[in-house]
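The values are calculated or read from the model by the stated rules, or taken from the named source; none is laboratory data. Please read all numbers here as calculations on a predicted model, not as lab measurements. So basically every Cβ, Gly included, is an ideal-geometry build from the backbone, and we count neighbours across all protein chains shown. Accessible surface is based on the protein model in full, side chains and every heavy atom, while ligands, DNA and RNA are left aside. Shrake-Rupley method; radii C 1.70, N 1.55, O 1.52, S 1.80 Å.
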Amino acid sequence: MFDKYNRKINYLRISVTDRCNLRCVYCMPEEGVTILDHKEILNFSEIVSVAKAAVGKGVDKIRLTGGEPLIRNSIIDLVKMIGDIKGIKDYAMTTNGIFLDKFAHDLAKAGLHRVNISLDTLNPEKYKQLTSGGNIQKVFDGIQAAKKAGLEPIKINCVIKDNNQEPDAVAVTKYCEDNNLQIRYIKEMDLEKGEFSIVQGGTGGDCAICNRLRLTANGMIKPCLFSDLEFNVRKLGAEKAIDEAIGNKPLSGHVNHTGKFYNIGG
Ligand code: SF4
């Protein structure tokens with residue numbers, strides 16, 4: 001399927017929860033987060049029906065995000081249900097890696113192809129401060145477990161303030177080189193100010209070739225991260241919500257006053 005700017009839309013990012021076990025300073029605001037009520041969150045069959053509808057319209061790349069997807073109960077069952085949909089060529093998950101050592105094997109068995117793992121520093125104290133209490137050793141264990149399970153290529157999402165020559169980014173880059181991991185540098189973004197840039201080493205943020213839609217945990221199809229546009233799958237049905245989102249996909253991002261990274265899935 002193509003949008004009105006002739007961009008091929010073949011990528012659906014699915015946020016399976018707005019909850020997270022970490023509180024990264026650039027994602028979860030210090031003043032606290034407004035968490036969705038359980039009944040607002042799509043159940044598995046609703047998520048699968050959106051994924052099926054999207055694949056039926058030409059989506060062949062699906063990424064599971066959050067919040068933190070691995071804290072959603074019975075996540076392996078959901079991964080399998082989506083993995084069983086014929087036509088998905090690239091099936092990935094973005095995770096903070098804290099629970100990956102526990103789930104990597106089962107994720108691969110359920111059909112997941114690969115993972116992106118967040119890692120902005122190698123310094124345990126700095127990691128703890130950035131994530132409000134996270135244990136970096138769990139991430140290293142998760143990376144090794146993902147390798148063992150064959151969830152490759154493993155991509156590391158490294159958030160930077162300005163450039164990839166910042167000391168933490170240089171250290172993470174070396175770690176990736178030494179461990180055969182691919183690195184992406186994601187410059188801190190601001191939804192309300194409309195500040196974003198192209199992901200270095202990826203395609204995110206490049207509006208001219210944008211190929212993605214997002215499904216939020218509460219069932220909104222968003223044509224663009226930096227826009228307030230969203231289409232409710234519970235009200236419109238999956239097919240119509242997807243069609244409306246593609247039909248209204250903006251040429252480029254602007255600002256987003258209604259969503260947060262943790263409830264859109266970045
Ligand atoms: S800002 Fe919107 S149009 Fe641009 S790359 Fe991001 S999602 Fe696509």
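Where Lys and Arg each count +1 and Asp and Glu each count -1, what net charge lies around residue 9 among other residues with Cβ under 9 Å from its Cβ?
Residues near residue 9 contribute +4 overall.
Counting pairwise Cα distances across region 2-41, what percent come out greater than 16 angstrom?
58
Quote to one decimal, in nm, the extra length available between residue 25 and residue 147 on full extension: 0.36 nm per residue of separation minus the C-alpha distance between them.
41.1 nm
Work out the charge dipole of the chain with +1 on the Cβ of Lys and Arg and -1 on the Cβ of Asp and Glu about the Cα centre, then indicate which of 36, 159, 54 is farthest towards its positive end.
It is 54.
Would you check region 48-136 for Lys pairs whose C-alpha atoms are within less than 29 Å, ignoring same-chain pairs closer than 8 in sequence, and give me the count?
Number of lysine pairs found: 24.
Hey, what did the chain get for relative contact order, percent, Cα under 8 Å, at least 6 apart?
23
Classify region 214-265 as rounded, prolate or oblate from the Cα gyration tensor: take a ≥ b ≥ c as the square roots of its eigenvalues, call it rounded if a/c is under 1.5, otherwise prolate when a/b beats b/c and oblate if not.
Oblate shape, in that a/c is at least 1.5 and b/c is the bigger or equal ratio.
Cut-off 10 angstrom, C-alpha nodes, Gaussian network model of the chain. Which of 159, 16, 170 fluctuates the most?
170
Using unit Cβ charges (K, R positive; D, E negative) and no other charged atoms, how large, in debye to the nearest 20, is the dipole of region 180-266 about its Cα centre?
200
Starting from the Cα gyration tensor of region 153-266, take the square roots of the eigenvalues, sort them a ≥ b ≥ c, and report rounded, prolate or oblate (rounded when a/c is under 1.5, otherwise prolate if a/b is larger than b/c, else oblate).
prolate
To the nearest 20 debye, what charge dipole does the chain have about its Cα centre, counting +1 at the Cβ of each Lys and Arg and -1 at the Cβ of each Asp and Glu?
800
Can you list residues from other chains, or at least 5 along the same chain, whose modelled amide H is less than 5 Å from the amide H of residue 212?
Residues meeting the criterion, in which the H sits 1.01 Å from N, do not exist here.
For region 84-206, what % of the accessible area comes from carbon and sulfur atoms, probe 1.4 Å?
That share works out to 51 percent.
What does the charge add up to near residue 56, with Lys and Arg as +1, Asp and Glu as -1, over the other residues with Cβ less than 15 Å from its Cβ?
+2
For every helix of n ≥ 4 consecutive DSSP H residues, a contribution of -39,500 (n - 2.57) applies; sum these over the chain, divide by its total residues, and give [θ] at 222 nm rounded to the nearest 500 deg cm²/dmol.
It lands at -9000 deg cm²/dmol.
What's the local net charge at residue 141, with K and R +1, D and E -1, over the other residues with C-beta under 13 Å away?
Overall, the nearby charge balance is +3.
Collect residues whose amide H, placed 1.01 Å from N in the peptide plane, falls under 5 Å from the amide H of residue 232; neighbours closer than 5 in sequence don't count.
221
If you keep only loop residues by DSSP, which GluC sites (Glu not before Pro) in region 1-86 have at most 16 other Cβ atoms within 10 Å of their Cβ?
30, 31
Tell me, which longest segment in the chain has none of the chymotrypsin sites (Phe, Trp or Tyr not before Pro) that fall in DSSP loops with at most 16 further Cβ atoms within 10 Å?
27-266
Using the charge dipole of region 1-45 (Lys, Arg: +1 at Cβ; Asp, Glu: -1 at Cβ; taken about the Cα centre), state which of 1, 16, 45 has its Cα farthest towards the positive end.
1
With unit charges on the beta carbon (Lys/Arg positive, Asp/Glu negative), name the residue among 211, 255, 25 whose Cα is farthest towards the positive pole of the charge dipole of the chain.
After comparing all options, I get 211.
Which residue fluctuates most in the GNM of the chain (Cα springs below 10 Å): 218, 163, 232?
In the Gaussian network model the winner is 163.
For region 1-127, with only Lys/Arg (+1) and Asp/Glu (-1) charged at the beta-carbon, what is the dipole magnitude about the Cα centre, in debye rounded to 20?
In total the dipole reaches around 680 debye.
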